[in-house]
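Student: Encoded as structure tokens, here's the structure I'll be asking about.
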Amino acid sequence: MKIREFDRLDAPTFLRLCEAFYSSGSTRKPFCRKTAEKTFARVMERHENLWGYLIVDSETMASVGYALVTSYWCNEEGGNVLVLDELYIAPENRHHGYGGRFLEWLEKEFSGRAVSVTLEVLTTNQDAQSLYHKEGLEPDGFVTYTKDL
């Protein structure tokens, strides 16, 4: 498995995988191509706290998934908190360890630059919850409230 930052030529791949993610029932909102294009453009600007990664099979060089990671400073945590905004592995590539290896890579990649990683998962997404628990992430007792602006 290889993990690499997005480059400009990855837009079609990201958009295809992103649409599949939003069509999978793992999100609260439906896919919006305009929003996904805006996100990709923002990643390409090399914004200081937004990263996009493709997860690639080492043998076939096929993109099997993607991740969007952002961060913020948290006084309570005492440093930068990584937010795993989106992690998607295509269905045909699940249960091969890609998600777990990505999470392990993320921890090593940001060691010394972040104090924790956090994410949201729908309560109905039991597969994702099992993966996150296996990788040492635990519910923190907070309930997320959201208001669209």
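Student: Among 50-58, 21-29, how do they line up from the highest to the lowest mean number of other beta-carbon atoms within 10 Å?
Tutor: 50-58, 21-29
Student: From Cα pairs below 8 angstrom and at least 6 apart in sequence, can you work out the relative contact order of segment 18-120, rounded to a whole percent?
Tutor: Working: 129 pairs, mean separation 20.7, N = 103.
With pairs under 8 Å counted, the relative contact order is 20 percent.
Student: With the dipole of segment 93-149 worked out from charges on the C-beta (+1 for Lys and Arg, -1 for Asp and Glu) around the Cα centre, which of His95, Val121, Gly141 lies farthest toward the positive end?
Tutor: Farthest towards the positive pole: His95.
Student: Do any chymotrypsin sites (Phe, Trp or Tyr not before Pro) in segment 93-149 lie in a DSSP loop with no more than 16 other beta carbon atoms within 10 Å, and if so, which?
Tutor: Counting only loop positions with at most 16 other Cβ atoms within 10 Å, the chymotrypsin sites (Phe, Trp or Tyr not before Pro) in segment 93-149 are Phe142, Tyr145.
Student: Roughly how many debye, to the nearest 20, is the charge dipole of segment 1-48 about its Cα centre, given +1 on each Lys and Arg Cβ, -1 on each Asp and Glu Cβ, and no other charges? Numbers along the way, then the final one.
Tutor: On the way: 11 positive and 7 negative charges, 35 e Å.
Roughly 160 debye for segment 1-48.
Student: Charges only on Cβ, +1 for Lys and Arg, -1 for Asp and Glu: so what's the dipole of the chain about the Cα centre, in debye to the nearest 20?
Tutor: 440
Student: Just want to confirm a number: the relative contact order over segment 65-114, from Cα pairs under 8 angstrom separated by 6+ residues, in percent.
Tutor: About 33 percent, as a whole number.
Student: Let me ask another. Once amide H atoms are built 1.01 Å from N in the peptide plane, which residues 5 or more positions from Val64, or in another chain, come under 5 Å H to H?
Tutor: The list, which skips near neighbours in sequence, is Ile55, Val56, Asp57.
Student: Here's another thing I want to ask about it. Skip the ligands, DNA and RNA, and give the accessible area per residue of the chain with a 1.4 Å probe, whole Å².
Tutor: Numbers: 9850 Å² over 149 residues.
Per residue, the chain has 66 Å² of solvent-accessible surface.
Student: Run through the DSSP bridge list for segment 59-117 and note the antiparallel percent, rounded to the nearest 5.
Tutor: 75
Student: Read phi for every residue in segment 67-73 and hand back ³J(HN,Hα) as whole Hz from Karplus 6.51 cos²θ - 1.76 cosθ + 1.60, θ = phi - 60°, with x for Gly and Pro.
Tutor: Rounded to whole hertz, the list is 9, 10, 10, 9, 8, 8, 7.
Student: Mind listing the phi-derived Karplus ³J(HN,Hα) values for segment 46-56, rounded to whole Hz, using 6.51, -1.76 and 1.60 with θ = phi - 60°, and x for any glycine or proline?
Tutor: Result, ordered by residue: 6, 3, 5, 9, 9, 10, x, 10, 9, 9, 10 Hz.
The values are calculated or read from the model by the stated rules, or taken from the named source; none is laboratory data. Just so it is clear, the model here is predicted, and its values are computed rather than measured. Quick reminder, even Gly has a Cβ in these numbers, built from the backbone with ideal geometry, and neighbours come from all protein chains shown. Just so you know, the surface numbers come from the protein's heavy atoms only, side chains and all, with ligands and any DNA or RNA stripped out. Shrake-Rupley method; radii C 1.70, N 1.55, O 1.52, S 1.80 Å.
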